[in-house]
Amino acid sequence: GNNPNSRKGFEEALTEVEQELVSSPGDYFLGSDVSIVDFMFMPFLERMAASLLYFKGFQMRPNPQYPAVEKWFAAMERLDSYVLTKSDYYTHCWDLPPQLGGCISTPEGAPYENAINGGRALTGNNRDSWNVPLEPDLGGVEPDWNFLNQDENAAKREAVERLSANSAAIVKFAARGAGKKGMPPVMAALSDPNASSSDAVLVSVDAVLRVVCLDLLGESNANDEGYTDLAAGIGKGGKEHLENVVQSVAYLRDRIGVPRDMRLPAARQLRAHLNVGIGHLLAAIDAMD
């Protein structure tokens, strides 16, 4: 809730965690070697770092009041066994509410919520989300995964590999954005296991994803002119068809999960580049008015 005593109690508990880590002879709770204690704490602290920022505006990472906690996070991120399971703030903050029965937002969390969501709307009509070029550390909101030692081009290639490895199923999934919602509805806002896809947009959605992949790979035929030609071709199906394709691409963008689909650097690149495609489609829609 919004009880100030709850925040005070949490800060006191986190200070105790900080003190335990300060007193440790190593980076982990019990010393220089990772233990079951670290793995028991990690799922909770990882989700807290995301959700408390998103819903309450409380920033755990980085926070100068808790340097040992930050050092511990960094030590955990050197472990391949942990990194394979590590999620991002966006994924956590959308999958936690249905697990917990809901989360209560405060005004202090609103700017962070907006940043983590990239300013995007579920309808896909927000043009300001996840822009290219990407800001480091999401503008100071979420630490980049520099521990991967992966440059921007490698992240883009990872996104292309993950998108192309199962392309037909991904196109079909994206087409749910123009299809019918499933029944009965489910509590998770981004989940609809019973939704049906629209076959009418499959070819166009596939074309958008192909151009996005070319753009991620730096191919010259995926420049603004290439996107414009793509939008013009899809636009031959009419304004409603264009709108349905936008809804489909946005549906996919909003459901890229970390680590289920790919790691965060690749996910950020794909979300942003899908928005490039969406932007050109929206421009074509505007031109029809």
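The values are calculated or read from the model by the stated rules, or taken from the named source; none is laboratory data. Just so it is clear, the structure is predicted and the values come from calculations on it, not from any experiment. Using ideal geometry, Cβ is built from the backbone for each residue, glycine included, and neighbour counts are taken over all protein chains shown.
Can you name the helices (runs of 4 or more DSSP H) wholly within region 1-117 that have at least 3 residues being of a type in the set (A, V, I, L, M, F, W, C)? Walk me through it before giving the result.
Details: elements: 4-23, 36-56, 67-76, 80-83, 89-100, 110-116.
It comes to 4-23, 36-56, 67-76, 89-100, 110-116.
Hey, could you check region 152-172 for residues that are polar (S, T, N, Q) and out of contact with any helix residue (DSSP H, G or I) (no Cβ under 8 Å at 6 or more places or on another chain) and say which is nearest to Pro265 (Cα to Cα)?
Here is the first cut: in region 152-172, the residues polar (S, T, N, Q) are 153, 164, 166-167.
Within this subset, residues satisfying the condition of being out of contact with any helix residue (DSSP H, G or I) (no Cβ under 8 Å at 6 or more places or on another chain) are 153, 166.
Values: Asn153: 10, Asn166: 19 Å.
Top of the filtered list is Asn153.
Suppose we filter Leu216, Leu264 for residues that are outside the structural domain of Asp80 (by TED's automatic domain parsing), in contact with a His (Cβ under 8 Å, 6 or more places away or on another chain), surrounded by 22 or more Cβ atoms within 10 Å (Cβ to Cβ) and of a type in the set (A, V, I, L, M); which single one remains? Even if it seems obvious, please write down each step before you answer.
Working: Leu264 fails: in contact with a His (Cβ under 8 Å, 6 or more places away or on another chain).
Among Leu216, Leu264, only Leu216 is outside the structural domain of Asp80 (by TED's automatic domain parsing), in contact with a His (Cβ under 8 Å, 6 or more places away or on another chain), surrounded by 22 or more Cβ atoms within 10 Å (Cβ to Cβ) and of a type in the set (A, V, I, L, M).
Based on this model, can you work out whether Ser105 counts as more than 30 Å from Gly277 (Cβ to Cβ) and polar (S, T, N, Q)?
Details: more than 30 Å from Gly277 (Cβ to Cβ): yes; polar (S, T, N, Q): yes.
When the stated conditions are applied, Ser105 passes them.
Within the bounds of region 153-172, is there any residue that is within 21 Å of Leu242 (Cβ to Cβ) and surrounded by fewer than 14 Cβ atoms within 10 Å (Cβ to Cβ)?
no
Do we find that Gly226 is farther than 19 Å from Ala250 by Cβ and surrounded by fewer than 12 Cβ atoms within 10 Å (Cβ to Cβ) in this structure?
No; evaluated as a whole, the condition is false for this residue.
Here are Ile278, Ile256: which of them is without any contact (Cβ under 8 Å) to a residue 24 or more places away in the chain and closer than 19 Å to Ile170 by Cβ? Break it down into steps so the answer makes sense when it comes.
Numbers: Ile278 fails: without any contact (Cβ under 8 Å) to a residue 24 or more places away in the chain.
Testing whether each residue is without any contact (Cβ under 8 Å) to a residue 24 or more places away in the chain and closer than 19 Å to Ile170 by Cβ leaves just Ile256.
Looking at Gly235, is it surrounded by fewer than 21 Cβ atoms within 10 Å (Cβ to Cβ) and modelled with pLDDT of 95 or more? I'd like the intermediate steps shown before the answer.
Values: surrounded by fewer than 21 Cβ atoms within 10 Å (Cβ to Cβ): yes; modelled with pLDDT of 95 or more: yes.
Yes; evaluated as a whole, the condition is true for this residue.
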